[in-house]
Amino acid sequence: MIRLNDIEVRFGDFTALKDINIHVEEGQFYTFLGPSGCGKTTTLRTITGFIEPAKGTVVVKGKDITH
């Protein structure tokens with residue numbers, strides 16, 4: 001299970017992601033589709049821990065891995 005709760009990612013004064021809420025249950029399959037620059041890679045990098053959100057939490061299998 002992966003859950004993103006109210007994620008916000010900023011790069012300086014630029015807000016790349018705002019109020020992102022995603023809930024993926026075990027066994028579900030999701031894709032991120034959208035034009036260049038819409039936040040797909042930033043979202044995935046936040047889930048994997050390469051980017052720390054300015055606000056919100058990332059929870060994997062019930063464990064908060066935000067920081």
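Structure data summary
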read-out: Principal semi-axes in Å for the chain [√(5λ), Cα gyration tensor, largest first]; value: 19, 15, 9
read-out: Amide H contacts under 5 Å for K55, placed H, 5+ residues apart; value: E8
read-out: For region 37-51, Karplus couplings with θ = phi - 60° (6.51, -1.76, 1.60), whole Hz, Gly/Pro x; value: x, 8, x, 4, 5, 4, 4, 5, 5, 5, 4, 7, x, 6, 10
read-out: By average C-beta atoms within 10 angstrom, highest first, the peptides 46-57, 9-20, 30-41; value: 46-57, 9-20, 30-41
read-out: Accessible surface, the chain, averaged per residue in Å² (probe 1.4 Å); value: 71
read-out: Carbon and sulfur %, accessible surface of the chain computed with the full protein complex present, 1.4 Å; value: 53
read-out: Separation of the M1 and L44 label points, Cα + 7 Å toward Cβ, nm; value: 2.5
read-out: Other-chain or far-sequence residues with amide H under 5 Å of T66's (modelled H); value: V58
read-out: Among G37, M1, I22 the positive-end extreme of the charge dipole of the chain (Cβ point charges); value: G37
read-out: 3J(HN,Hα) from dihedral phi, region 13-30, Karplus parametrisation 6.51/-1.76/1.60, rounded to Hz, x for glycine, proline; value: 7, 8, 9, 7, 10, 9, 6, 8, 10, 9, 9, 10, 7, 4, x, 7, 10, 10
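The values are calculated or read from the model by the stated rules, or taken from the named source; none is laboratory data. Everything quoted here is computed from the prediction, not taken from an experiment. Every residue, glycine as well, gets a Cβ built from its backbone with ideal geometry; the counts of neighbours run over all protein chains shown. Keep in mind that these areas ignore ligands, DNA and RNA; they rest on the heavy atoms of the full protein, side chains included. Shrake-Rupley method; radii C 1.70, N 1.55, O 1.52, S 1.80 Å.
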